[in-house]
Amino acid sequence: MLRRKFIGLITGAATWPLTAHAQQMGKLPTIGFMGAGTSSGWRQWTNAFLERLRELGWVEGRTVAIEYRWAEGRTDREAEIAAELVHLKVDVILTAGGADAKKATSVIPIVFAISADPVGTGLVKSLARPGGNITGLSLLATDLAGKRVEILREVVPGIRRLAVMADFGLQESILELESVQVAAKTLGLDATRSEIRRAEDIAPALEQLKGNVEALYVPANRLANANRLFINELALAARLPTMFGFREYVESGGLISYGPNTPELFRRAADYVDKILRGAKPAEMPVEQPTKFDLIVNLKIAKALHIDIPATLLSRADEVIE
């Protein structure tokens, strides 16, 4: 009995730095959760984050509090959300891209779950040594742009012109656009840019593309994510094959996606949050890069577009939606 009590005391001492100060102050350690889209649109990602937190010993409402804020695809709303969370003095902020949170605070630790290009956008000094109060996971979006263009040409062999619908209010979206243009030129294709900055720009942009391009590439961005169903409906009506970086876009009616597994990135983000709540410094936590990439094909959309997906590509697909 004495031995069990002694072990219990040691265990309690080991967890003391995690919550002792917060409990003394009458509050739980608090995570500020910045969602760029909607709660329903992010449900799978949020659940993956919460599941991993529970595995690490953080139970919402018992050992940790979470303040959720949803921007619903509005760029202006993200700055407001970041300011709200800073005012609440949360212990760590979890976000997608991270730019607005970084502008809002240089003190509160920040973890980005899906930054397209954290070095290129200036979020961190380097992947190995982020510096400052921010770290997280990279999407390798610019590095994967060439691979996505190759896959698109494999699906549409006669393609000569494609459009890149980029959110010009987001630096990482512009960087991915530039990478697509470089890759397209190497393959002898012409990549036209299609600018959007708000949801109201999407329909006119797609209307303008009708008959002028043969495929649509959409870089990962909060505006497109929040409006992915709408984008896919319009693209299908315009008879445009689509390429995305996330599986969720294909589930919403897109043709193909190639990129990291997003729920897994949010699970890994939970590990970063866990370490920070236990005293780790973001400046010393290297930015992690994905190692597993998923190729998802929607055969239902392919059939609607009268596209025959090559058997060689289907054999490489991680998932085929029928």
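Coordinate-derived values only; no laboratory data. The structure presented is a predicted model; accordingly, all values stated were derived computationally and were not measured. We place every Cβ from the backbone using ideal geometry, glycine too, and count neighbours over all the protein chains shown.
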Between Leu229 and Thr291, what is the spin-label point distance in nm, taking each point 7 Å from the Cα along the Cα→C-beta axis? 3.7
Two decimals is fine: what is log10 I(q)/I(0) at q = 0.11, 0.15, 0.16, 0.20 Å⁻¹ for segment 26-182, from a Debye sum with one equal scatterer on every Cα and no solvent? -0.51, -0.87, -0.96, -1.31
Cut-off 20 Å, label 7 Å out along Cα→Cβ of Lys147, residues of segment 258-301 by amide N: 258-269, 287-298
Three-way shape call for segment 194-249 based on the alpha-carbon gyration tensor, with the a/c threshold at 1.5: oblate
How high is the relative contact order of the chain? Use alpha-carbon pairs under 8 Å, at least six apart in sequence, and give a whole percent. 19
Take the alpha carbon gyration tensor of segment 57-144, find the square roots of its eigenvalues, order them as a ≥ b ≥ c, and report rounded if a/c is under 1.5; if not, report prolate when a/b exceeds b/c, else oblate. prolate
Check cross-link reach from Lys185 to the aspartates and glutamates: straight Cα distance under 19 Å, and skip same-chain residues fewer than eight apart. Asp143, Glu150, Glu154, Glu176, Glu214
Please list 3J(HN,Hα) in residue order for segment 202-212, calculated via the Karplus relation 6.51 cos²θ - 1.76 cosθ + 1.60 where θ = phi - 60°; whole Hz, with x for glycine and proline. 5, 4, x, 5, 6, 4, 5, 7, 3, x, 9
Once the cut-off is 19 Å, how many percent of the Cα-Cα pairs in segment 138-231 end up in the long-distance tail? 36
How long is the gain from Lys27 to Gln44 if the chain were fully straight, where each residue apart is worth 0.36 nm and the alpha carbon distance is subtracted? 3.3 nm
In nanometres, what is the gap between the two model label sites at Lys281 and Val320, each 7 Å from Cα along Cα-to-Cβ? 5.3
Please work out how much length the chain gains when fully extended from Ser106 to Ala128, using 0.36 nm per residue of separation minus the C-alpha to C-alpha distance, in nm with one decimal. 6.0 nm
Taking 0.36 nm per residue of separation and subtracting the Cα-Cα distance, what length does fully extending Leu313 through Leu299 add? 3.9 nm
Over segment 96-255, with a single point scatterer placed on each C-alpha, what log10 of the ratio I(q)/I(0) does the Debye formula yield at q = 0.09, 0.12, 0.19, 0.20 1/Å? -0.30, -0.52, -1.14, -1.23
Out of the DSSP beta bridges found with both residues in the chain, what percent are antiparallel (nearest 5)? 15
Using a Debye calculation, one point per C-alpha and no hydration shell, please list log10 I(q)/I(0) for the chain at q = 0.10 Å⁻¹ in order. -0.59
Segment 143-244: relative contact order in percent, alpha carbon pairs under 8 Å with at least 6 residues between: 32
Looking at the calculated P(r) for segment 177-308, what percent of the C-alpha pair distances fall above 18 Å? 62
